[in-house]
There are 2 protein chains.
Amino acid sequence: MTTAPAVTPEPPYFAVIFTSVRRPEEAGYEATATRMLELARAQPGFLGVESAREDGLGITVSYWRDLDAIAAWKAHTEHRAAQASGRELWYHRYTVRVARVERAHGLEAR
Amino acid sequence: MTTAPAVTPEPPYFAVIFTSVRRPEEAGYEATATRMLELARAQPGFLGVESAREDGLGITVSYWRDLDAIAAWKAHTEHRAAQASGRELWYHRYTVRVARVERAHGLEAR
């Protein structure tokens, strides 16, 4: 599941930092992860997403216009089913952090 | 450069989300990255760090007690030298986002 660097507007906006350690169970994981990315991108207030997994540690950061957009995505029926599968099957542990992005800077591609 | 999931205190605290795309240039990168992790862990106000790279996209999230701790780490002499090498040698592009973690929840290891 590859993502490119997210291009986001000027702060403030919000980030959901999801860090996880997978279990060996694979059933349905990849298809659901791909579907959730696709679905997230279609949500109102979605600004971008970045994801990487290495040596079992996964980090997915999604960016949102406001807390209402995050709440609506969390409550989305299909996403709720995926969350349940995540808890029951796919993840050994995870943490979800909701954060307000206050400022940003960077190096442009060259 | 492997990190484990970070165990952080109750919010609020701060996160620095560093996402990057590397250039082919490798000279000094791994040694410096390892040293920066070691050095960051020793800074006052450091709470944890998580890092993963996949298909060229790297995500490192470090957690800090407050903005002063982040400013002090950004200004650390050895870190400033590493930042310069990053801009000049190692990174094709990157974004640094400073965010205030408002809330967190998760699934405990089982």
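Between A:His92 and B:Leu89, what is the FRET efficiency for a Förster distance of 45 Å, r being their Cβ-Cβ separation, to the nearest 0.05? Each step should come with its number before you reach the end.
Details: r = 36 Å, r/R0 = 0.81.
The value I calculate is 0.80.
Relative to the Cα centre, what is the charge dipole magnitude of the stretch A:1-69, using +1 at the beta carbon of each Lys and Arg, -1 at the beta carbon of each Asp and Glu, and rounding to the nearest 20 debye? Numbers along the way, then the final one.
On the way: 6 positive and 10 negative charges, 16 e Å.
Computed about the Cα centre, the dipole is about 80 debye.
Using Cα pairs under 8 angstrom and six or more residues apart, how large is the relative contact order of the stretch B:1-73, in percent? Present the calculation step by step, with values, prior to reporting the outcome.
Details: 101 pairs, mean separation 32.4, N = 73.
The value is 44 percent.
Report the accessible surface area buried between chains B and A, summing both sides, using a 1.4 Å probe on protein heavy atoms only, in Å² rounded to the nearest 100.
Values: alone 7560 and 7570 Å², together 10910 Å².
Result for this pair: about 4200 Å² buried.
As an exercise, use a Förster radius of 35 Å and the Cβ-Cβ distance of B:Glu108 and A:Glu102 to find the FRET efficiency, rounded to the nearest 0.05.
Working: r = 29 Å, r/R0 = 0.84.
According to the calculation, E is roughly 0.75.
At 222 nm, what helix-only mean residue ellipticity would chain A give, in deg cm²/dmol to the nearest 500, using -39500 (n - 2.57) for each DSSP H run of four or more? Write down the numbers at each step before the final one.
Details: 3 runs with 31 residues, N = 110.
Value at 222 nm, helices only: -8500 deg cm²/dmol.
Can you give the local net charge around B:Ser62? Use residues other than it whose beta-carbon is closer than 12 angstrom to its beta-carbon, Lys and Arg +1, Asp and Glu -1.
Numbers: positive: B:Arg41, B:Arg65, B:Lys74, B:Arg97; negative: B:Glu50.
Neighbourhood net charge equals +3.
Which net charge results when you count Lys and Arg as +1 and Asp and Glu as -1 among the other residues whose beta-carbon is under 12 Å from that of A:Val96? Numbers along the way, then the final one.
Numbers: positive: A:Lys74, A:Arg87, A:Arg93, A:Arg97, B:Arg103; negative: B:Glu102.
Around A:Val96, the surrounding residues sum to +4.
Answer rounded, prolate or oblate for chain B, using the Cα gyration tensor with square roots of eigenvalues a ≥ b ≥ c: rounded when a/c is under 1.5, else prolate when a/b is larger than b/c, else oblate. Present the calculation step by step, with values, prior to reporting the outcome.
Values: a/c = 1.91, a/b = 1.43, b/c = 1.34.
Prolate.
Largest first and in whole Å, what are the equivalent-ellipsoid semi-axes of the protein assembly as shown based on the Cα gyration tensor, each being the root of 5 times an eigenvalue?
On the way: eigenvalues 150, 69, 65 Å².
After scaling each eigenvalue by five and taking roots: 27, 19, 18 Å.
Between A:Thr34 and B:Ala71, what is the label-to-label distance in nm when each label sits 7 Å out along the Cα-to-Cβ direction?
Result for the modelled spin labels: 4.8 nm.
Mind pulling the angle between the C-alpha long axis of helix B:29-41 and the longest principal axis of chain B? Nearest 10 degrees, somewhere in 0 to 90.
Computed tilt is about 30 degrees.
Take A:Glu54 and A:Arg80, extend 7 Å from each Cα along the Cα→Cβ direction, and tell me the distance between the two endpoints in nm.
Distance between label points: 3.7 nm.
Whole number please: convex hull volume per residue, Cα atoms of the stretch B:30-89, in Å³.
On the way: hull volume 5.3 nm³, N = 60.
That works out to 88 Å³ per residue.
If you take every residue apart from B:Val49 with its C-beta less than 14 Å away from the C-beta of B:Val49, what net charge results, scoring Lys and Arg +1 and Asp and Glu -1? All intermediate terms of the calculation are to be shown ahead of the outcome.
Numbers: positive: A:Arg97, B:Arg35, B:Arg41, B:Arg53, B:Arg65; negative: A:Glu54, B:Glu38, B:Glu50.
Within the 14 Å Cβ shell, the charges total +2.
Assume the label is 7 Å from Cα along Cα to beta carbon: what separations in nm does B:Glu38 have to the matching positions in the other copies?
Label-point separations across copies, in nm and ascending: 4.6.
Would you kindly state how much longer the chain becomes between B:Arg23 and B:Arg41 on full extension, computed as 0.36 nm times their sequence separation minus their alpha carbon distance, in nm to one decimal?
Working: separation 18, 0.36 × 18 = 6.48 nm, distance 2.60 nm.
Separation in residues times 0.36 nm, less the Cα-Cα distance, equals 3.9 nm.
The values are calculated or read from the model by the stated rules, or taken from the named source; none is laboratory data. Predicted model only: the values in this text are computed from it and were never measured. Positions of Cβ are backbone-derived with ideal geometry, glycine not excepted, and every protein chain shown enters the neighbour counts. Only protein heavy atoms, including side chains, enter the accessible area calculation; ligands, DNA and RNA are left aside. Shrake-Rupley method; radii C 1.70, N 1.55, O 1.52, S 1.80 Å.
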